[in-house]
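The values are calculated or read from the model by the stated rules, or taken from the named source; none is laboratory data. Note that the coordinates shown come from a computational prediction; the quantities given were computed from them, not determined experimentally. All Cβ positions, glycine included, derive from the backbone under ideal geometry; neighbour counts span all protein chains shown. The area values use the complete protein model at the heavy-atom level, side chains included, leaving out ligands, DNA and RNA. Shrake-Rupley method; radii C 1.70, N 1.55, O 1.52, S 1.80 Å.
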Amino acid sequence: MGDVVESLTDVAVVRNTQVLFKDYVKGYPTKSDMVVTSDGTIRLELPKDKDGVILIKNLYLSCDPYMRGRMTKDKKGSYVASFTPGSPLAGYGVAKVLESSHSDFKKGDFISGLTNWEEYSLITDPQSLIKIQHTDVPLSYYTGILGMAGMTAYVGFYEICSPKKTDAVFVSAASGAVGQLVGQFAKLLGCYVVGSAGSKEKVDLLKNKFGFDEAFNYKEEGDLDAALKRYFPDGIDIYFENVGGKMLDAVLSNMNVHARIAVCGMISQYNLNQHEGINNLIFLILKRIRMEGFLITDHYNLYPKFLNTVLPLIQEGKITYVEDIVDGLKNGPAALVGLFSGKNVGKQVVAIAHEYFPDGIDIYFENVGGKMLDAVLSNMNVHARIAVCGMISQYNLNQHEGINNLIFLILKRIRMEGFLITDHYHLYPKFLNTVLPLIQEGKITYVEDIVDGLKNGPAALVGLFSGKNVGKQVVAIAHE
Ligand SMILES: NC(=O)c1ccc[n+]([C@@H]2O[C@H](COP(=O)([O-])OP(=O)(O)OC[C@H]3O[C@@H](n4cnc5c(N)ncnc54)[C@H](OP(=O)(O)O)[C@@H]3O)[C@@H](O)[C@H]2O)c1
């Protein structure tokens, strides 16, 4: 719970930090177009005069390029309303239900969908929100791979691009929330895939983490046409368009007959007063190209099908997802405007509060004791196990701290068992036969923190109690 400012009854009134939209923006947005304030408060109960509403605690907020459109007053042709100056920003997010008078949601549920950029929100029309059923993946994924960005990649690639496994696929803004998935979907199908991104770090990610066949930094290519010819000597069959402008012009002249372009976004144009002209549209005719724009909001009927496809791919490790998470609403404005200079590496998320174990803890390997043990106890599941290995937080205290939550041992039928390794050395040969091959096959790794010379031994030893060591602390006297 946030700072309680008043608690006259059993209902708390807490501070509700918010990110307010200041005023309409021209050109590139800056973080000073928003203000973070903790002046407001919220009463943590449902209003008595309204039914069908929910009170939520926001956990993760999604930063999305389309939000730039909402910063312009009555944007021409816009499909989403402008923000209201003085009100909190709104966008996709993940939240926990604190109270509900809506039959679809109950206290403790996790939901994803449109919310406000604030710690707590009262949602008066929750019917568009999705109740999260699968909490065995990070909840933040519902802002990205399992949310709007994931749906966009899925619909854009499978529904709009009509892909075949022999296709050569090009993705721009390829390391972002949408692009990283489009490339992986295309690779799963067997396509040849190339991505463009704006830094070496992102290019490395595309090739080494997401499995793109090739990737290039478009900022270092003086001639985009030449770059595309280098990576697509036989032409492009599918272009997943995220950026528009010069890249689109270069792609058009490199496309094959009957190629497809899924026009998903044109981020290079969002902050310009007048969009750049595209000169190569004649290739639509010459090459009989299908170029089709889409808005993901038209396709939410596919969400269950999408979830059935993508969730197993995540669980089986067949696709991966990189997030760029900043902590705290105070860092939200910079994260949002960072999208337009490519500061984000992967899906940009703002975390307000983390829920690491929404479904509780089954096993706790206890190394520290004290406050951590108390906190863990109240988060454990029925029949959970605690291996009590160590309690280093207590070793230097004259009197050990009291643990208050032991009642959960009974309530949750938890087994908590201390052990000393000296009782178990007969297992050493079995242990070695198990662990040595895992090391040799690279299936487990080990980090050591080695200081050289006995003279550094005392500092290394006492450093354990202030966390100076990073990994296993060793003193090397002589190296062999
Ligand atoms: N049609 C729909 O329904 C729909 C839904 C979701 C998203 N979208 C669109 O899909 C695109 C990608 O969205 P996302 O959420 O995945 O964003 P993102 O890739 O996570 O973030 C935006 C990225 O765009 C790149 N960029 C920024 N300014 C650029 C410029 N002037 N020229 C070229 N690249 C630029 C940056 O990467 P670099 O470092 O690579 O430059 C930046 O990291 C956006 O255009 C967005 O509007 C459309």
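Note on segment 80-101: residues that are more than 13 Å from the ligand (Cβ to nearest atom) and in contact with an Asp or Glu (Cβ under 8 Å, 6 or more places away or on another chain) total 8. Checked across segment 349-372, the condition of being in contact with a helix residue (DSSP H, G or I) (Cβ under 6 Å, 6 or more places away or on another chain), closer than 29 Å to residue 269 by Cα and either at pLDDT below 95 or within 16 Å of the ligand (Cβ to nearest atom) (or both) holds for at least one residue.
Suppose the filter is touching a helix residue (DSSP H, G or I) at 6+ places or on another chain (Cβ under 8 Å) and open to solvent by 10 Å² or more (accessible area, probe 1.4 Å); does residue 192 pass it? The answer is no for residue 192.
Looking only at segment 449-469, filter to residues that are open to solvent by 80 Å² or more (accessible area, probe 1.4 Å) and out of contact with any strand residue (DSSP E or B) (no Cβ under 7 Å at 6 or more places or on another chain); which one of those is nearest to residue 390 (Cα to Cα)? So the residue we want is 465. Determine, yes or no, whether residue 84 is at pLDDT 95 or above, over 26 Å from residue 72 (Cα atoms) and open to solvent by 50 Å² or more (accessible area, probe 1.4 Å). Criteria not met by residue 84. Please indicate, with yes or no, whether at least one residue in segment 268-286 is open to solvent by less than 40 Å² (accessible area, probe 1.4 Å), near the ligand (Cβ under 10 Å from one of its atoms) and either at pLDDT 95 or above or small (Gly, Ala, Ser) (or both). Taking every residue of segment 268-286 in turn, at least one turns out to be open to solvent by less than 40 Å² (accessible area, probe 1.4 Å), near the ligand (Cβ under 10 Å from one of its atoms) and either at pLDDT 95 or above or small (Gly, Ala, Ser) (or both).
Contact map, segment 154-170: first residue in contact (Cβ under 8 Å) with a residue 60 or more places away in the chain, second residue assigned to a strand (DSSP E or B) and open to solvent by 10 Å² or more (accessible area, probe 1.4 Å), Cβ cut-off under 7 Å, separation 6 or more or different chains; pairs are 160/292; 161/260; 162/260; 167/237; 168/192; 168/237; 169/192; 169/237. Annotation: of all residues in segment 294-343 being over 16 Å from the mean Cα position of the chain (by Cα) and acidic (Asp, Glu), the one that is nearest to the ligand (Cβ to nearest atom) is 298.
Just for strands (runs of 3 or more DSSP E) wholly inside segment 178-248: which have at least 1 residues that are more than 9 Å from the ligand (Cβ to nearest atom) and over 23 Å from residue 294 (Cβ atoms)? Walk me through how you get there before you give the answer.
On the way: elements: 192-197, 214-217, 236-241.
Per the criteria, 192-197, 214-217.
Strands (runs of 3 or more DSSP E) fully within segment 252-353 that include at least 1 residues being within 19 Å of residue 202 (Cα to Cα): 323-327, 347-351. Of the listed requirements (1) surrounded by fewer than 21 Cβ atoms within 10 Å (Cβ to Cβ); (2) at pLDDT 95 or above; (3) within 16 Å of the ligand (Cβ to nearest atom), residue 77 misses just one: (2).
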